[in-house]
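The block underneath contains the structure these notes are about, expressed in structure tokens.
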Amino acid sequence: MSEEIETTCPACSPQEFVWHDILKDGQNMLVRCQICGDVHPTEIETEKTIPVRIIISRGDESFKTNALFEETQVVTTNEELVVEDQNGEDVYPIQITSIETPTKREEYAKIADVETIWARAIDEVDVKISVQSIGNTNPYTKRVSGEELFEVGLEYEAGGERFRITRIKIRGGKFRFKRGDKVEAKYIKRIFGRVAYKKGWGGGRTAWSMKRNVRNW
């Protein structure tokens, strides 16, 4: 099956695009109109690309890179993109958090008007969690895949302390608190949980751990 392309036909459709079969690919492309059969050369217009500075944060760290965008492309805050640095060496899945133009920050803008894109990495993210036990709230942090799911009502382990998720605060301020609610790590602002207890000797209930240090899970 031959490759196809939409372009104008000088014989039957000089103003509107119609489908053509590609007879010869490359800079001097030769095509045949599927409507009238006319064979003719054609040029494919390519969008001009321009470099844009991107500042990407991951946890408490941030770094700068430059990526090429089509100048007519429109970007918006909270949009998820996969960008390649200008040298083609690294690829970054990101979520845009802010768009800076020469005059102010915008919710959306055409790339030609953008000075800096602020974003956060979502391939790996730092998930913050607060575990409540009797008289204490213990904070933890874990770096996980941005697509890892956390579910309200399930038990997890942090720093040797086993806990059950009671609610999840997502970015934007809303909470998920119904049992079975699931949220991908890249959308989580903070997880809240309670220590999961186990039966101790003599039938009592003791916490798995009461450590207060911030640490990776």
Task: All positions within the range 1-52 that are without any contact (Cβ under 8 Å) to a residue 60 or more places away in the chain, of a type outside the set (S, T, N, Q), within 30 Å of Trp118 (Cα to Cα) and assigned to a strand (DSSP E or B) - done: Pro51
TODO: Being of a type in the set (A, V, I, L, M) and under 26 Å from Leu149 (Cβ atoms) is the filter; apply it to the range 100-133 and report the residue that is surrounded by the fewest Cβ atoms within 10 Å (Cβ to Cβ).
DONE: Ala121
Task: strands (runs of 3 or more DSSP E) completely within the range 92-195 that count 1 or more residues being without any contact (Cβ under 8 Å) to a residue 24 or more places away in the chain and farther than 27 Å from Phe69 by Cα - done: 136-145, 161-170
Open item on the list: Need the failing condition index for Glu84 against (1) modelled with pLDDT of 90 or more; (2) part of a strand (DSSP E or B), just the number.
Closed with: (1)
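Suppose we filter the range 70-82 for residues that are under 16 Å from Gly146 (Cα atoms) and either among the aromatic types (Phe, Trp, Tyr) or free of Cβ contacts under 8 Å to residues at least 40 places away in the same chain (or both); how many remain? Please lay out each step first, then the result.
Start the filter on the range 70-82 by keeping residues that are under 16 Å from Gly146 (Cα atoms), which leaves 78-82.
Filter once more, so that each one left must be either among the aromatic types (Phe, Trp, Tyr) or free of Cβ contacts under 8 Å to residues at least 40 places away in the same chain (or both): 78-79, 81-82.
Count: 4.
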Open item on the list: If I go through the range 19-42 residue by residue, how many of them are modelled with pLDDT under 90 and under 30 Å from Val91 (Cβ atoms)?
Closed with: 4
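The values are calculated or read from the model by the stated rules, or taken from the named source; none is laboratory data. Computed from a predicted model, the values in this text were never measured in an experiment. Methodologically, a virtual Cβ is constructed for each residue, glycine included, from the backbone with ideal geometry; neighbour enumeration extends over all protein chains shown.
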